[in-house]
2 protein chains.
Amino acid sequence: MSSSIGFEQIDAHRCFGGQQLRFRHRSVVLDCDMHFSVFLPSRSASAKVPVIYWLSGLTCTDENFVTKAGAQQFAEAAGVAIVAPDTSPRGEAVPDDPEGAYDFGLGAGFYVDATEAPWQHHYQMYSYVVEELPGLLGSLPINPAQASIMGHSMGGHGALTIALKNPQAYQSVSAFSPICSPLQCPWGEKALGNYLGADRERWKAYDACELLARAEKTLPLLVDQGDADNFLTEQLKTELLVQAGQATGYDMQVRMQPGYDHSYFFIASFIEDHIRFHASYLNAG
Amino acid sequence: MSSSIGFEQIDAHRCFGGQQLRFRHRSVVLDCDMHFSVFLPSRSASAKVPVIYWLSGLTCTDENFVTKAGAQQFAEAAGVAIVAPDTSPRGEAVPDDPEGAYDFGLGAGFYVDATEAPWQHHYQMYSYVVEELPGLLGSLPINPAQASIMGHSMGGHGALTIALKNPQAYQSVSAFSPICSPLQCPWGEKALGNYLGADRERWKAYDACELLARAEKTLPLLVDQGDADNFLTEQLKTELLVQAGQATGYDMQVRMQPGYDHSYFFIASFIEDHIRFHASYLNAG
């Protein structure tokens with residue numbers, strides 16, 4: 001398979017009886033070298049296991065979730081793998097925000113397929129997560145046909161939009177502190193304006209609220225949001241997702257968690273719930 | 001209290017129902033500004049709680065354990081605080097390894113009171129952990145009289161030696177991958193040779209195996225060591241601790257964990273056991 005060029009394992013740690021692994025490969029759709037991390041539960045020694053994808057937020061790599069979320073113990077208990085990709089294409093050939101801002105360019109791919117120059121050549125994170133990455137998992141003891149997806153902040157936006165666009169490919173979706181409508185917040189306006197151009201109609205294909213309004217199939221959907229999150233009012237706007245769900249009757253759980261902020265301390269506090277949520281659909285599938 | 005000059009809370013996150021806090025203060029014994037981190041369980045809202053000290057290893061600050069070990073959920077369940085100090089004095093006035101090596105100087109205080117120039121003015125980490133830090137906790141909902149201590153690698157050495165020298169001050173002690181005998185490994189020889197001088201007799205006051213041989217009171221003592229740890233043979237030498245314990249009849253648990261390495265993935269995998277171990281003595285006290 002052409003997308004597996006240079007696919008190699010570069011790190012391995014025993015963890016909660018399973019294995020925390022890291023891989024490097026040449027991505028075809030991103031045209032650059034990429035890293036991703038995989039937790040394999042001990043159950044994978046004897047059977048292909050389901051997978052939950054984790055999409056990280058702005059400034060993260062594949063490693064933040066792996067070191068900070070404390071997810072492995074719950075993935076081990078549930079017998080599921082967790083696959084965490086990077087948040088953008090990488091490398092010196094990849095263009096970045098001209099001013100090196102944290103909210104666009106490197107570390108901020110927004111899980112879209114860019115159409116505008118100079119971004120469109122490398123910034124194809126939607127296709128990377130939806131198509132190329134699952135194709136790489138065939139050589140691991142993972143069954144990519146049994147998949148769920150979750151993420152945080154920009155990655156929560158990524159998880160929601162990817163699942164809503166591909167409900168046949170995922171059993172369930174969840175998000176921590178997601179950017180609920182990039183059409184209606186400064187982070188989203190900057191990123192989609194640059195990656196997709198000025199025509200806001202084209203942004204709707206990557207806006208969770210817009211996609212909810214058009215959803216033909218309902219997936220199990222869970223969102224946790226801290227009410228002490230500094231980004232809630234200006235960037236995340238959970239109420240827009242709730243309103244979109246109510247308007248269309250999309251059945252979902254949105255939980256406001258009192259006192260919690262935007263950090264990995266929040267994610268760690270509720271990751272068990274999310275993994276159990278996904279596992280209940282994956283293992284039943 | 002003079003040691004509380006400039007004592008201020010600089011960070012706070014809700015975490016598993018409790019609070020992950022960070023403090024800055026001017027240390028008298030180290031003569032520099034220091035940071036330390038504290039997890040307070042929700043139980044501390046209504047009562048002073050016991051404390052477990054965590055001492056980190058080479059190159060760490062007070063933050064590594066806080067972000068990577070996943071300890072908060074178990075501290076919340078047990079109703080105990082965790083206090084994590086930094087691993088050395090800090091600041092531009094503090095001398096470092098002349099070559100900037102990772103295993104001596106900044107990030108590598110070895111939890112001793114240095115006697116040799118130029119180290120002795122700032123490098124007093126033993127007194128900082130044993131005396132100054134507990135004195136700072138009085139303004140928090142913590143009972144420093146109910147304390148246990150644990151650590152990793154250099155910090156495992158610190159926890160073992162501090163507890164063995166002060167068995168009246170701690171209810172229990174544990175270590176992950178400890179440096180078991182600084183007298184008998186390159187890391188220890190370099191650090192103690194510089195901090196304490198060439199007379200190896202004086203090093204014995206900071207060598208867990210030597211202290212075990214002279215212990216008058218037995219503390220509950222637990223050690224976990226991964227058998228895939230790259231530092232095991234040359235630096236950590238768990239077998240010396242086992243032999244010292246057997247020679248004196250010191251009752252302790254030393255567990256070799258198959259396939260685990262020196263990383264925080266190992267610590268995270270067994271931190272629940274250590275917190276439950278300490279809590280069983282702290283809450284009974």
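The values are calculated or read from the model by the stated rules, or taken from the named source; none is laboratory data. Remember, predicted model here, so these are calculated numbers, not experimental data. Please note: Cβ atoms are built from the backbone with ideal geometry, for glycine as well, and neighbour counts cover all protein chains shown. What goes into the accessible areas is simple: the full protein's heavy atoms, side chains included, and nothing from ligands, DNA or RNA. Shrake-Rupley method; radii C 1.70, N 1.55, O 1.52, S 1.80 Å.
Entry remark, the range B:49-83: residues being among the hydrophobic types (A, V, I, L, M, F, W, C) and within 14 Å of another protein chain (Cβ to nearest Cβ) number 9 in total. Restricted to the range A:243-260, and to residues there that are facing another protein chain (nearest Cβ under 9 Å) and out of contact with any Ser or Thr (no Cβ under 9 Å at 6 or more places or on another chain), the residue that is surrounded by the fewest Cβ atoms within 10 Å (Cβ to Cβ) is A:P258.
The residues of the range A:260-285 that are at pLDDT 95 or above, of a type in the set (A, V, I, L, M) and either outside any helix (DSSP H, G or I) or within 20 Å of B:T67 (Cα to Cα) (or both), listed by number, are A:I267, A:A268, A:I271, A:I275. Scanning the range B:256-268 turns up no residue that is free of Cβ contacts under 8 Å to residues at least 60 places away in the same chain and more than 15 Å from B:F176 (Cα to Cα).
When each of A:R26, A:R43 is tested for being more than 13 Å from chain B (Cβ to nearest Cβ), modelled with pLDDT of 95 or more, farther than 25 Å from A:G197 by Cβ and in contact with a Cys (Cβ under 9 Å, 6 or more places away or on another chain), the lone residue that passes is A:R26. Here A:L240 meets the list (1) over 13 Å from A:A163 (Cβ atoms); (2) without any contact (Cβ under 8 Å) to a residue 40 or more places away in the chain almost entirely, failing just condition (2). When residues in the range B:203-218 are screened for being within 13 Å of B:D113 (Cα to Cα) and among the small types (G, A, S), 1 of them pass. When the criteria are applied in full, A:N143 meets the requirement of being under 24 Å from A:V28 (Cα atoms), at pLDDT 95 or above and over 16 Å from the mean Cα position of the chain (by Cα).
Residues of the range A:264-276 that are crowded, with 21+ Cβ neighbours inside 10 Å and either over 15 Å from A:G226 (Cβ atoms) or within 14 Å of another protein chain (Cβ to nearest Cβ) (or both): A:Y264, A:F265, A:F266, A:I267, A:A268, A:S269, A:I271, A:I275. From the list B:Q225, B:Q246, the one residue that fits, being among the polar types (S, T, N, Q) and under 27 Å from B:A101 (Cα atoms), is B:Q225. The set of residues in the range B:218-233 being out of contact with any Pro (no Cβ under 7 Å at 6 or more places or on another chain), modelled with pLDDT of 95 or more and either open to solvent by 10 Å² or more (accessible area, probe 1.4 Å) or within 14 Å of chain A (Cβ to nearest Cβ) (or both) consists of B:P220, B:D224, B:Q225, B:G226, B:A228, B:D229, B:N230, B:F231, B:L232, B:T233. Taking the criterion of being on the phi < 0 side of the Ramachandran plot and in contact with a helix residue (DSSP H, G or I) (Cβ under 7 Å, 6 or more places away or on another chain), the residues of the range B:73-82 that qualify are B:F74, B:A75, B:E76, B:A78, B:V80, B:A81, B:I82. The helices (runs of 4 or more DSSP H) found entirely in the range A:142-227 that carry 2 or more residues being closer than 19 Å to A:T248 by Cα are A:154-165, A:208-214.
For the range A:160-173, the criterion of being in contact (Cβ under 8 Å) with a residue 12 or more places away in the chain, in contact with a Pro (Cβ under 6 Å, 6 or more places away or on another chain), open to solvent by less than 30 Å² (accessible area, probe 1.4 Å) and closer than 29 Å to A:M256 by Cβ is met by at least one residue.
Before we move on, is A:E201 open to solvent by 60 Å² or more (accessible area, probe 1.4 Å), more than 14 Å from chain B (Cβ to nearest Cβ) and without any contact (Cβ under 8 Å) to a residue 24 or more places away in the chain? Against the criterion (open to solvent by 60 Å² or more (accessible area, probe 1.4 Å), more than 14 Å from chain B (Cβ to nearest Cβ) and without any contact (Cβ under 8 Å) to a residue 24 or more places away in the chain), A:E201 qualifies. Given (1) without any contact (Cβ under 8 Å) to a residue 60 or more places away in the chain; (2) closer than 21 Å to A:F7 by Cα; (3) out of contact with any strand residue (DSSP E or B) (no Cβ under 9 Å at 6 or more places or on another chain), where does A:E63 come up short, assuming only one miss? Single failed check for A:E63: (3).
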